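First comes the structure, then the notes that go with it.
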Amino acid sequence: MSRTSTFVTENLREKITAAVAAATEQGQLPAGELPPFIIEEPADRSHGDIATNIAMAGARVFRTAPRKAAEIILEHLDLKGSYIDRYEIAGPGFINFFLSKNYFASVLRDIEREGDNYGASDYGRGERVMVEFVSANPTGPMHMGNARGGALGDCLAAVLDKAGFDAYREFYVNDAGNQIEKFALSLQARYLGLFDDSIPFPEDGYHGADITERAEQFAALHGDSYVTADEEERKAALVQFALPKNIEKMQHDMATYRIAFDRWFYESDLHSAGEVKAVVDTLAEKGLTYELDGAIWYRNREVCTELLRAQGRSTEEIDKLELKDDVLIRKNGNPTYFAADIAYHKNKFDRGFSRLIDVWGADHHGHVMRLKGAMNAIGYDGDRLDILLMQLVKLVRGGEIVKMSKRTGKAIQLSDLLEEVPVDSARFLFNTREATTQMDFDLDLAVQQDNQNPVYYVQYAHARICSILRNIAAEGIAVRACTDEELMLLDTPEERELIHLLSAFDSEIIAAAREYDPTKITRYVTSVATLFHKFYNACRVKCDDEGLMQARLQLCGATKAVIKNVLTMFNITCPDRM
């Protein structure tokens, strides 16, 4: 196991717990259940590297002043093998701990030994997790929401993998249902309009230029041969022609964005396999459906009310939500999107995934509870379905909101963005703001090649270290393995601060996986780059003390390794020169 911050804090927690038990056994502290307590880094590191509030958190149980309780706990605290050098009691009863020089040396040893695997853990214990993201409607091009969702979803899956989960990436293709019928009618109107400009266009049709483009391509291939064809035959031919091209375009855009899905799952497969009908039948057998006006309805209000009551919500709170029932089968016999969604998530669980994560736009907020409730209703655990709601993204140039592509003069698509903005910038910048916050994506910043651009700033730190190592080699200086004594020479505040941050990589990965927040890692690696520049400006790497020089070179190499591990994990290039 790495001697990183995770190990130190877990080890210290065990020792503190043992110290309280020993004090209780000797009658110095009263017996009682030990309350939860915090072990964390203090805001001001001059007060210590690690601090705990155990004495204050346990004040009621200990029935003594926190400072006195802290003194008693420290009397029984065995710090052997803990990498703690010393401690002190501060304020009303905080206990501050200072890490030993050997700890900082051990961090660099770990990074050197683990290399590309540094930061990985078994926190997830191999749990199979499905991350479904993007899942754009194939009836049109992908937009900015898909751009943000793609970066967030892919990097979240990468974080989960690094934290020891078995993450699976899936794109759900909505190639069935009402939207495909609307797609067919829109294509048909544009196709027939090429030969008769009096053909009306459906009021609720898709008006995008891509529909016209597909109709023109179809006409170029088939001419007017489908003008006199049976309408259903014509619509089927148009969809069979256009839909694969749209999906192929999506797959191309995702590949350009460096996203590789484990599977593109087609909604039509659920229907052809009878899974949608089966799930509706299951709900009916459980008495959770009824017929009204020729349609089959799901008792969503009843199920969600029960779910909310189990969560402790009051009747007044539930009534304010104005819960409504949902149609599963329309009166024309066609299943709704919701019915297919229940079947799809059942299918995911049936494939052996113990946890499902969906990355959705915030406009799907009302769909969350009813889908989780539906999972409970059919015998699955809705609490194992987690939905990450993503807020809107606005494109900004020159401080102004941009809605149209400079190249096409039309609404900006994902493909337009990737033509204008480097993929590295897009993937990194979309992961600098939490999914739950609205985001302004600065197009000017994304193309800047200076330290104002966050990804450039991090990449430059990596390239700078590579340059340092090249220059050292050019001078005939060989980088060699350091002794522990040499590594313990790294004792300036800048050196210790940088090493301490490097040691936190695995705990940052675990926190990001636990909270479904890959933006923690972009902020982390940006901080690594900042502390490296601070160290480099304060400490001469090439110095007269050969042992110290070698230790600083190892610190440079360790920083380079951590930056590389983050960038490659997020599928962002890691240049040696800039």
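The values are calculated or read from the model by the stated rules, or taken from the named source; none is laboratory data. Note that the coordinates shown come from a computational prediction; the quantities given were computed from them, not determined experimentally. Cβ atoms come from the backbone with ideal geometry, glycine included; neighbour counts cover every protein chain shown. Accessible surface is based on the protein model in full, side chains and every heavy atom, while ligands, DNA and RNA are left aside. Shrake-Rupley method; radii C 1.70, N 1.55, O 1.52, S 1.80 Å.
If you find the alpha carbon centre of region 141-190 and of region 320-382, how far apart are they in angstrom?
If we compute the Cα centre of each part, the gap is 17 Å.
Within straight cross-link reach of LYS235, meaning Cα distance under 15 Å, which aspartates and glutamates are found once same-chain residues fewer than 8 apart are removed?
ASP175, GLU181, GLU216, ASP224
How much accessible surface does HIS143 have with a 1.4 Å probe, in Å² rounded to 10?
Rounded to the nearest 10, that gives 100 Å².
Report, to the nearest 10°, how far helix 300-310 tilts away from the longest principal axis of the Cα atoms in the chain, using its own Cα long axis and a range of 0 to 90°.
Relative to the chain, helix 300-310 is tipped by roughly 20 degrees.
Please report the accessible area of ASP49 (heavy atoms, 1.4 Å probe, ligands and nucleic acids excluded) in Å², nearest 10.
10
Helix 5-25 versus the longest principal axis of the chain: what angle, 0 to 90°, nearest 10, using Cα atoms?
Approximately 60 degrees, to the nearest ten.
Suppose a student asked you for the relative contact order of the chain, using Cα pairs under 8 Å spaced at least 6 residues apart; what percent would you report?
Normalised by residue count, the contact order of the chain is 16 percent.
Among GLN217, LEU283, VAL8, which residue has its Cα furthest toward the positive end of the charge dipole of the chain, with +1 on Lys/Arg Cβ and -1 on Asp/Glu Cβ?
So the residue we want is VAL8.
Working from Cα positions, state the angle (0 to 90°, nearest 10) between the long axis of helix 365-377 and the longest principal axis of the chain.
On a 0 to 90 degree scale, this one is about 90.
Please report the spacing between the Cα centers of region 413-453 and region 1-72 in Å, no decimals.
Each part's Cα centre sits 43 Å from the other's.
Per residue, how big is the convex hull of region 266-325 when only Cα atoms are used? Give it in Å³.
For region 266-325, the hull spanned by Cα atoms encloses 121 Å³ per residue.
Given ALA504, ILE572, ASN332, which one lies farthest toward the positive end of the charge dipole of the chain, if we put +1 on the Cβ of every Lys and Arg and -1 on the Cβ of every Asp and Glu?
Positive-end residue among those listed: ALA504.
Picking from LEU490, VAL455, ALA474, whose Cα lies most toward the positive end of the charge dipole for region 442-501 (charges on Cβ: Lys, Arg +1; Asp, Glu -1)?
So the residue we want is ALA474.
Straight distance only, please: which aspartates and glutamates reach the Cα of LYS277 with their own Cα at less than 14 Å, same-chain residues fewer than 8 apart left out?
Here the aspartates and glutamates satisfying the reach criterion relative to LYS277 are GLU267, ASP269, GLU285, ASP341.
With a cap of 12 neighbouring Cβ atoms within 10 Å, and only residues DSSP puts in a loop, list the GluC sites (Glu not before Pro) found in region 276-359.
Within region 276-359, the qualifying GluC sites (Glu not before Pro) (loop, at most 12 other Cβ atoms within 10 Å) are GLU322.
Let me make sure I get this right: for the chain, a, b and c are the square roots of the gyration tensor eigenvalues over alpha carbons, sorted descending. Under 1.5 in a/c it's rounded, otherwise prolate if a/b > b/c, else oblate. Which is it?
oblate
Semi-axes of region 370-430's equivalent ellipsoid from the Cα gyration tensor, sqrt of 5 times each eigenvalue, largest first, rounded to whole Å?
Its equivalent ellipsoid spans semi-axes of 38, 13, 11 Å.
In region 38-184, what percentage of the DSSP-assigned beta bridges are antiparallel, given to the nearest 5?
Percentage antiparallel, nearest 5: 70.
Report P(r) for region 120-258: all Cα-Cα distances, bin width 10 Å, range 0 to the bin holding the largest distance, values in whole percent.
Result returned by the calculation: 11, 34, 24, 16, 10, 4, 1.
Arrange the residues VAL227, VAL393 by how much accessible surface each exposes, largest first, with a 1.4 angstrom probe.
VAL227, VAL393
Net charge within 12 Å of GLU515 by Cβ-Cβ distance, Lys/Arg positive one each and Asp/Glu negative one each, not counting GLU515 itself?
Details: positive: ARG514, LYS520; negative: ASP386, GLU434, GLU508, ASP517.
Here the charged neighbours net out to -2.
Once you've got the Cα coordinates, tell me which of LYS162/LYS520; LYS15/LYS68; LYS162/LYS564; LYS286/LYS324; LYS249/LYS346; LYS80/LYS560 are over 22 Å apart.
Details: LYS162/LYS520 14 Å; LYS15/LYS68 18 Å; LYS162/LYS564 14 Å; LYS286/LYS324 19 Å; LYS249/LYS346 29 Å; LYS80/LYS560 32 Å.
Where the Cα-Cα span goes over 22 Å, the pairs concerned are LYS249/LYS346; LYS80/LYS560.
State to the nearest 20 debye the size of the charge dipole of the chain about its Cα centre, where the only charges are +1 on K and R beta carbons and -1 on D and E beta carbons.
920
Helix-only estimate, please: 222 nm mean residue ellipticity of the chain, summing -39500 (n - 2.57) across DSSP H runs of length 4 or more and dividing by its residues, to the nearest 500.
Values: 24 runs with 298 residues, N = 578.
Helix contribution divided over all residues of the chain: -16000 deg cm²/dmol.
To the nearest 10 Å², what's GLU181's accessible area with a 1.4 Å probe?
80
Using the Cα centre of region 278-381 as the reference point, and only Cβ charges (+1 on K/R, -1 on D/E), how large is the resulting charge dipole? Debye, rounded to the nearest 20.
Result for region 278-381 is approximately 260 debye, rounded to the nearest 20.
What's the ranking of 501-512, 567-578, 123-134 by average number of surrounding C-beta atoms within 10 Å, highest first?
Most protected by this proxy first, the peptides run 501-512, 123-134, 567-578.
Rounded to whole Å and sorted largest first, list the principal axis extents of the Cα atoms in region 100-202.
83, 23, 17
What order do LYS235, LYS80, LYS277 take when sorted by accessible area (1.4 Å probe), most exposed first?
Most to least solvent-accessible, the answer reads LYS80, LYS277, LYS235.
What percentage of the solvent-accessible surface of region 312-464, computed with a 1.4 Å probe over protein heavy atoms, is contributed by carbon and sulfur atoms?
It is 47 percent, rounded to a whole number.
Tally the DSSP beta bridges in the chain and give the antiparallel ones as a percent, rounded to 5.
50
How would TRP297, TRP360 line up by accessible area, probe 1.4 Å, largest first?
TRP297, TRP360
Determine the shape class of region 358-510: with a ≥ b ≥ c the square roots of the Cα gyration tensor eigenvalues, call it rounded for a/c under 1.5, and otherwise prolate if a/b is greater than b/c, oblate otherwise.
It comes out oblate by the Cα gyration axes.
Can you give the accessible area per residue of region 368-494, in Å², using a 1.4 Å probe?
48
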